[in-house]
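All remarks here apply to the structure that follows.
The values are calculated or read from the model by the stated rules, or taken from the named source; none is laboratory data. Only a predicted model underlies this, so the values are computations on that prediction, with no experimental measurement involved. Counting neighbours? That spans all protein chains shown, and the Cβs are built from the backbone with ideal geometry, glycine included. Ligands, DNA and RNA are stripped out before the accessible areas are found, and what is left, the full protein with its side chains, is counted by its heavy atoms. Shrake-Rupley method; radii C 1.70, N 1.55, O 1.52, S 1.80 Å.
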Amino acid sequence: MLILNGKDVAKEVRSTLALRVAEFAKKVGRTPHLSVVIVGDDAASHIYVRNKKKACESVGMTSQIIAMPTKTTQQELNKQIAALNTDSSVDGILVQFPLPAHLSADEVLKLVAPDKDADGLTYASLGYFFAGKPFVKPCTPEGVMTILKHYGISVEGRRAVVVGRSNIVGKPMAHLLTEANATVTLCHSKTNDLSSVVREADLVVVAAGKARFLGRNDFKKDAIVIDVGMHHDGPNGKLCGDVRTEELEGWVQAVTPVPGGVGPMTIATLLQNTCLLAEKRAGL
Ligand code: GUN
């Protein structure tokens with residue numbers, strides 16, 4: 001069973017990106033810049049945001065964390081986003097989710113300008129994306145496509161099943177696989193006999209948001225399994241995904257581990273997106 005090592009692929013993406021960033025700096029006279037907005041004091045979110053900043057710095061991009069207090073009003077948050085939309089030194093904007101309960105993610109997803117939306121998740125960005133005219137692509141599904149390409153896994157003509165229909169992963173994942181000429185089925189919590197549908201797939205992307213949800217009996221022999229799950233409450237208090245990976249040895253062809261699979265690719269793609277948006281705004 002081949003382990004699809006997202007950590008290694010992300011490292012490779014970052015080294016290619018560092019060259020691109022250096023080229024951008026030479027031509028434009030500044031470096032691509034990502035502004036990350038975080039509201040409140042959720043400890044895990046602050047760690048994620050710091051990791052994004054560190055990742056930016058590792059490829060020579062600049063990044064700024066705008067930490068706003070929990071008591072921030074919607075109007076204040078909207079004003080901050082509007083200021084970043086018009087600040088010419090900012091190439092990418094990311095508003096970290098979840099927001100405190102009194103604030104609306106919906107407003108944020110309506111407000112961030114698509115030509116600065118490094119996450120690729122705003123309604124405008126998703127509109128361009130699903131119409132086949134993306135500014136950037138949503139980070140996690142695009143990161144999955146990069147892993148597949150890295151390992152020379154072609155999906156053309158093959159049966160793919162995506163489990164989960166979120167705007168962040170499931171729906172854009174199904175779209176990217178369709179564009180790559182797979183025949184795609186999108187499953188969700190209301191799918192009848194999910195297991196029998198998943199067993200038909202050559203490639204399965206599991207983004208169900210349920211810890212250790214699928215195992216050996218759910219997959220066809222020699223399937224390729226991409227596990228998008230990330231749960232902090234696995235056996236022995238360890239991280240785990242949506243798949244019971246330890247059951248798959250000798251059965252599936254390849255699987256992404258958790259941690260070290262899809263997760264690092266999401267951040268690597270965020271960096272790629274920021275660089276791409278910077279290049280587009282600079283007319284390169
Ligand atoms: N919170 C957890 N994952 C993400 C993500 O991909 N983007 C944003 N903006 N917030 C998140």
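There is at least one residue in the range 160-171 that is assigned to a loop (DSSP other than H, G, I, E, B) and surrounded by 23 or more Cβ atoms within 10 Å (Cβ to Cβ). The sole residue among Phe129, Phe97, Phe135 that is within 11 Å of the ligand (Cβ to nearest atom) and among the aromatic types (Phe, Trp, Tyr) is Phe97. Summed over the range 262-276, residues that are more than 15 Å from the ligand (Cβ to nearest atom) and touching a helix residue (DSSP H, G or I) at 6+ places or on another chain (Cβ under 8 Å) total 1. Going by the structure shown, is Ser154 assigned to a helix (DSSP H, G or I) and surrounded by fewer than 21 Cβ atoms within 10 Å (Cβ to Cβ)? Against the criterion (assigned to a helix (DSSP H, G or I) and surrounded by fewer than 21 Cβ atoms within 10 Å (Cβ to Cβ)), Ser154 does not qualify. Scanning the range 209-222 for residues that are surrounded by fewer than 24 Cβ atoms within 10 Å (Cβ to Cβ) and in a loop (DSSP other than H, G, I, E, B) yields Gly209, Lys210, Ala211, Arg212, Phe213, Gly215, Lys220, Lys221, Asp222. Is there a residue being under 23 Å from Ala174 (Cβ atoms), open to solvent by 10 Å² or more (accessible area, probe 1.4 Å) and among the charged types (D, E, K, R) anywhere in the range 228-244? Within the range 228-244 (the criterion being under 23 Å from Ala174 (Cβ atoms), open to solvent by 10 Å² or more (accessible area, probe 1.4 Å) and among the charged types (D, E, K, R)), the answer is no, since none of the residues qualifies.
The number of residues in the range 98-143 that are assigned to a loop (DSSP other than H, G, I, E, B), touching a helix residue (DSSP H, G or I) at 6+ places or on another chain (Cβ under 9 Å) and touching a residue at least 40 places away in the same chain (Cβ under 8 Å) comes to 11.
Just one of the numbered conditions (1) part of a helix (DSSP H, G or I); (2) within 15 Å of the ligand (Cβ to nearest atom); (3) crowded, with 16+ Cβ neighbours inside 10 Å is not true of Ala44: (3). Pairs meeting the criteria (first residue in the range 201-227 and of a type in the set (S, T, N, Q), second residue assigned to a loop (DSSP other than H, G, I, E, B) and open to solvent by 10 Å² or more (accessible area, probe 1.4 Å), beta carbons under 9 Å, at least 6 apart or on different chains) are Asn217/Arg199.
Among the residues of the range 17-32, is there at least one that is part of a helix (DSSP H, G or I), open to solvent by 10 Å² or more (accessible area, probe 1.4 Å) and within 12 Å of the ligand (Cβ to nearest atom)? So far as the range 17-32 goes, no, none of its residues is part of a helix (DSSP H, G or I), open to solvent by 10 Å² or more (accessible area, probe 1.4 Å) and within 12 Å of the ligand (Cβ to nearest atom).
Give just the number: which of (1) open to solvent by less than 10 Å² (accessible area, probe 1.4 Å); (2) under 28 Å from Ser125 (Cα atoms); (3) in contact (Cβ under 8 Å) with a residue 40 or more places away in the chain does Val255 not satisfy? Condition not satisfied by Val255: (2). Filtered by the rule that a residue be assigned to a helix (DSSP H, G or I) and out of contact with any helix residue (DSSP H, G or I) (no Cβ under 8 Å at 6 or more places or on another chain), the range 195-208 gives Ser196, Val197.
For the range 101-112, the criterion of being within 16 Å of the ligand (Cβ to nearest atom), crowded, with 20+ Cβ neighbours inside 10 Å, at pLDDT 95 or above and charged (D, E, K, R) is met by none of the residues.
This table checks each residue for (1) more than 15 Å from the ligand (Cβ to nearest atom); (2) surrounded by fewer than 21 Cβ atoms within 10 Å (Cβ to Cβ).
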{"position": "Val37", "(1), (2)": "no, no"}
{"position": "Val59", "(1), (2)": "yes, no"}
{"position": "Gln80", "(1), (2)": "no, yes"}
{"position": "Thr86", "(1), (2)": "yes, yes"}
{"position": "Ile93", "(1), (2)": "no, no"}
{"position": "Tyr123", "(1), (2)": "no, yes"}
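Scoring Ile93 on the criteria (1) within 20 Å of the chain's Cα centre (by Cα); (2) without any contact (Cβ under 8 Å) to a residue 60 or more places away in the chain; (3) assigned to a helix (DSSP H, G or I) leaves a single failure, condition (3).
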